[in-house]
Amino acid sequence: MGGAIQVSEERGVRYLHFGSHWVQGAMRMSRPFALELEYTREMMLPLVLRADAGWPARALLIGLGAGSLAKFLWRHRPNCAITVVETREDVVIAAAQFFRLPDDPARLDIELADGVAFVAQPGPRFDLILVDGYDAKGRVGALDTRTFYRDCRRRLADDGMLATNLLSRHRGIDASLARLAESFDRRAMALAPCASGNVIALAVRGAPVDLDTRELAARAVALRAATELNLVPTVDRLARRQKTYHAPPVL
């Protein structure tokens with residue numbers, strides 16, 4: 001997905017751009033392994049939804065950007081094998097040169113490939129799939145299709161979960177969420193929009209996910225203590241959503 005690589009800095013935060021004003025990734029210089037952007041933090045909600053502190057054992061990330069998601073999992077899930085699929089070699093080089101992407105091929109496998117083609121192929125299954133791929137104009141293309149979502153479901157482990165980053169600024173997310181839900185037997189939901197306009201949608205297969213917000217709040221507190229990632233506000237918003245829309249207690 002095109003656009004010249006640009007790196008900027010402001011107030012202690014380094015940003016990645018693809019030839020436009022769109023921010024493709026960010027890193028606070030004093031906390032290089034923290035998740036600076038709100039939507040990247042919310043993409044880690046699956047770590048709260050699955051109770052096992054050792055989960056995921058295997059993760060697939062489609063789209064590298066500045067490497068924030070990969071770095072977080074690498075730092076805080078030391079037993080997780082991480083595969084990142086990125087179409088652009090210059091993005092990988094920029095993430096390593098400017099954003100401290102770890103050089104650890106034993107745990108962090110970078111594949112120069114198309115994400116749609118990658119999940120369509122036979123291969124290992126993943127506990128967690130994170131989808132965050134945009135071009136310079138904020139378009140996702142084939143990463144938001146029924147075929148792609150169905151292939152992702154096929155590549156998920158029995159209790160696997162997918163989180164995808166959607167943008168609500170152009171046409172909203174209703175059509176995208178419908179495609180995702182159809183591909184996952186209606187087991188999908190969207191979180192409330194971030195201030196940036198990003199919306200994180202989640203989909204699961206296998207064991208039901210208990211959405212008891214008291215239990216999720218306790219897990220979020222434990223995750224914050226272990227990683228400094230604060231998802232307590234996200235769980236609070238999820239609780240309000242359940243009350244407002246009378247959402248089911250499981251996903």
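At-a-glance table
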item	result
Counted residues, the stretch 87-101 - those being among the basic types (Lys, Arg) and touching a Gly at 6+ places or on another chain (Cβ under 8 Å)	1
Inter-residue pairs, beta-carbon under 8 Å, first over 13 Å from residue 232 (Cα atoms) and at pLDDT below 95 and in the stretch 41-58, second part of a loop (DSSP other than H, G, I, E, B) and among the aromatic types (Phe, Trp, Tyr), 6+ apart	none
Count - residues of the stretch 187-212 that are closer than 20 Å to residue 59 by Cβ and surrounded by fewer than 13 Cβ atoms within 10 Å (Cβ to Cβ)	1
2 or more residues touching a residue at least 60 places away in the same chain (Cβ under 8 Å): qualifying helices (runs of 4 or more DSSP H) within the stretch 168-245	213-227, 232-245
Members of the stretch 12-38 found to be modelled with pLDDT of 95 or more and of a type in the set (Ser, Thr, Tyr), listed by number	15, 30
Residues located in the stretch 11-34, provided they are polar (S, T, N, Q) and in contact (Cβ under 8 Å) with a residue 40 or more places away in the chain	20, 24
Given (1) open to solvent by 20 Å² or more (accessible area, probe 1.4 Å); (2) farther than 25 Å from residue 38 by Cα, index of the condition residue 184 fails	(1)
Residue in the stretch 141-151 that is open to solvent by 50 Å² or more (accessible area, probe 1.4 Å), touching a residue at least 40 places away in the same chain (Cβ under 8 Å) and touching a Leu at 6+ places or on another chain (Cβ under 8 Å) present	no
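The values are calculated or read from the model by the stated rules, or taken from the named source; none is laboratory data. Just so it is clear, the structure is predicted and the values come from calculations on it, not from any experiment. Heads up, the Cβs are rebuilt from the backbone with ideal geometry, glycines too, and the neighbour counts pull from every protein chain shown. These accessible areas exclude ligands, DNA and RNA; they are computed on the full protein's heavy atoms, side chains included. Shrake-Rupley method; radii C 1.70, N 1.55, O 1.52, S 1.80 Å.
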